[in-house]
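K.L.:
First the structure, then my questions, so here it is.
Read the figures in this text as sums done on the coordinates, not as results from a lab. This structure is a prediction, so every number in the text was calculated from the model and none was measured. All Cβ positions, glycine included, derive from the backbone under ideal geometry; neighbour counts span all protein chains shown.
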Amino acid sequence: MSDSQSESAALAAKIAELPRGIEPQRDLWHGIEARIAPPARRPRWVELAVAAGVAAFVSGAMFFWLDRGGLRDRPDMQLAYQQLDATYQPLRKAAFERYRGQAEMLDPALRQTVDKNLAIIDGALNEIRMTLADRPNDPALRQMLQWTYVQELAVIDAVTPQPAAGATTTHYRGEL
C-alpha cells in the first residue's frame with residue numbers, strides 16, 4: 001500500500017469514528033427564521049395618509065409662499081382656472097363613481113382614512129377656488145388647483161382598481 005492510500009485509509013477510519021449527529025446547544029431556528037422572513041410592510045392606509053398629509057402641506061406652502069406675481073395680469077390667463085375646472089369635472093365624476101362602487105369592499109379603516117383625506121382635498125379645492133375668484137389671473141393658484149386635482153385622482157386610483165384596457169380612464173396628469 002502506498003503512503004497516500006494509507007493516509008486515506010487512516011482518514012476514513014477517523015471519519016468513521018465521528019458521531020453521525022450533533023445536537024446544537026440551543027434552538028437556532030428562531031434566529032434563522034428572523035433572518036429569512038420578509039421585512040414587515042406598512043399597511044396601505046398609512047401610505048395614503050402620508051400622501052394626503054404631504055399634499056395638504058405642499059398645497060398650504062404653495063398658497064402662502066409662492067410668488068404670486070409675474071404672469072398674473074396677462075389677459076390670456078384671465079379665468080383660465082374655469083377651463084381647468086371644466087376639463088377636470090368629468091374625470092372627477094368618473095373617479096368618484098368608481099370609488100363609491102368599490103368602497104364597500106375596502107377595509108373599514110382604509111375607507112375611513114381615504115374618506116378623511118378626500119374631505120381634506122375637497123376643502124383645499126374649495127379654498128383655492130375661492131381665492132381664484134378674487135385673483136383669477138394668478139398662475140400659481142391655477143397650478144395649485146391643477147396639482148390638487150391630480151392628487152385627488154391619485155388617492156382614488158390608489159384604492160380602486162383601474163378600468164379594463166380601452167375603457168375610459170380617470171387619469172389626468174397633464175397641462176391644459
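K.L.:
Using the beta-carbon distance between GLN82 and ALA158 and R0 = 35 Å, what value does 1/(1 + (r/R0)^6) give for FRET efficiency, to the nearest 0.05?
P.N.:
Numbers: r = 28 Å, r/R0 = 0.81.
With a Förster radius of 35 Å, E is 0.80.
K.L.:
While we're on this one: Can you sort VAL54, VAL155 so the residue with the fewest Cβ neighbours within 10 Å comes first? Let's see the in-between values first.
P.N.:
Working: VAL54 11, VAL155 21.
With the sparsest Cβ surroundings first, the list reads VAL54, VAL155.
K.L.:
So, in nm, how far is label SER2 from label GLN102 when the simple model puts each one 7 Å beyond its Cα toward the Cβ?
P.N.:
7.4 nm
K.L.:
While we're on this one: Please report ARG100, ARG35 as a ranked list, fewest other C-beta atoms within 10 angstrom at the top and most at the bottom.
P.N.:
Numbers: ARG100 11, ARG35 7.
Lowest to highest Cβ neighbour count: ARG35, ARG100.
K.L.:
In the neighborhood of ALA158, defined by Cβ-to-Cβ distances under 10 Å, what is the net charge if each Lys or Arg adds +1 and each Asp or Glu adds -1?
P.N.:
Values: positive: ARG44; negative: GLU47, ASP157.
Once positives and negatives cancel, what remains is -1.
K.L.:
Here's a follow-up. Report, by chain and number, residues whose modeled amide H sits under 5 Å from the one on ASN137, excluding near sequence neighbours (fewer than 5 apart, same chain).
P.N.:
LEU79
K.L.:
Exposure proxy check: MET130, MET144 ranked by fewest other beta carbons within 10 Å? Intermediate values should be presented prior to the final figure.
P.N.:
Working: MET130 9, MET144 25.
In order of increasing Cβ crowding within 10 Å: MET130, MET144.
K.L.:
Can you compute the modelled spin-label distance between LEU28 and MET130, with each label point 7 Å from Cα toward Cβ, in nm?
P.N.:
Reported label-point gap for LEU28 and MET130 is 6.7 nm.
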